[in-house]
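What follows is a set of notes on a single structure, which appears directly below.
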Amino acid sequence: MRPEPGQVLHFSEDPTLTRFAPHVAATSGTDTPYVWAVDGRNAPSYWFPRQCPRAMAWVRDGTTQADRDRIIGAGSGDRVHAIEYAWLPAMQNTTLYAYRFADTQFHHVSSPGAEPHALVATDVVTPLGPPEPVGNLLDCHEAAGIQLRLLANLWSFWDEVIESTAGYSGIRLRNAQPRRSAGG
């Protein structure tokens, strides 16, 4: 599920929303109230249950062949998403909806030095129509050519990703299993 030209998406497990008012997200690094949305490039980062921790990496300009092979995997596309085994049932059973908005109501926001990852609106916005079911989340990944890895624990993968030349994003990592000790 990706936006049409001139649109952005907001993903939710709630199909009853009719208007979106700016608010300060609990996970936000800012005190500015926003309505959050994503463009087509970043939509796959949200093909997950809302609370599911995920570590994602992709090939970008400057990604070395060694990092591509090590992080993404040789011959496996340009993007990989990783979740923990414990979240597989939720991936298989969550119904996710996409709300479409006109992109003219939103502007890019990103952290200093980071790639733009989201768009925000500072006014109340109304969807262009009713929410659309995204469909099977595993199928979305497969159709987009995105490798989906199941790991017992995300932290070793995450530590490799953030030290690599690949692009990356981690969402809801606070919900991941605790880091494992060096000996266990």
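The table for this structure:
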| read-out | value |
| --- | --- |
| One residue from A98, A102, A90 being touching a Pro at 6+ places or on another chain (Cβ under 7 Å), over 24 Å from E163 (Cβ atoms) and surrounded by fewer than 16 Cβ atoms within 10 Å (Cβ to Cβ) | A90 |
| Single match in D31, D61, D14 (criterion: among the acidic types (D, E), closer than 20 Å to W87 by Cβ, assigned to a loop (DSSP other than H, G, I, E, B) and more than 17 Å from the chain's Cα centre (by Cα)) | D14 |
| Test: residue in the stretch 53-60 that is among the charged types (D, E, K, R), within 20 Å of A144 (Cβ to Cβ), surrounded by fewer than 19 Cβ atoms within 10 Å (Cβ to Cβ) and touching a residue at least 40 places away in the same chain (Cβ under 8 Å) | yes |
| F48, sole failed condition from (1) among the hydrophobic types (A, V, I, L, M, F, W, C); (2) under 14 Å from the mean Cα position of the chain (by Cα); (3) not in a loop (DSSP other than H, G, I, E, B) | (3) |
| Check on V8, in contact with a helix residue (DSSP H, G or I) (Cβ under 9 Å, 6 or more places away or on another chain), surrounded by 12 or more Cβ atoms within 10 Å (Cβ to Cβ) and within 16 Å of Y97 (Cβ to Cβ) | yes |
| Single unsatisfied condition, P133 versus (1) modelled with pLDDT of 95 or more; (2) crowded, with 16+ Cβ neighbours inside 10 Å; (3) not aliphatic (A, V, I, L, M) | (2) |
| Any hit, the stretch 69-85, residues being surrounded by 13 or more Cβ atoms within 10 Å (Cβ to Cβ), closer than 28 Å to L128 by Cα and in contact with a Ser or Thr (Cβ under 8 Å, 6 or more places away or on another chain) | no |
| Meets criteria (out of contact with any Ser or Thr (no Cβ under 8 Å at 6 or more places or on another chain), in contact (Cβ under 8 Å) with a residue 24 or more places away in the chain and either more than 25 Å from R70 (Cβ to Cβ) or in a loop (DSSP other than H, G, I, E, B) (or both)) for R100 | yes |
| Condition met for W87 (within 28 Å of P15 (Cβ to Cβ) and part of a helix (DSSP H, G or I)) | yes |
| P112 vs. criteria loosely packed, with under 14 Cβ neighbours inside 10 Å, at pLDDT 95 or above and in a loop (DSSP other than H, G, I, E, B) | no |
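The values are calculated or read from the model by the stated rules, or taken from the named source; none is laboratory data. Treat the numbers as computed from the prediction; the structure is a model and nothing was measured. Methodologically, a virtual Cβ is constructed for each residue, glycine included, from the backbone with ideal geometry; neighbour enumeration extends over all protein chains shown.
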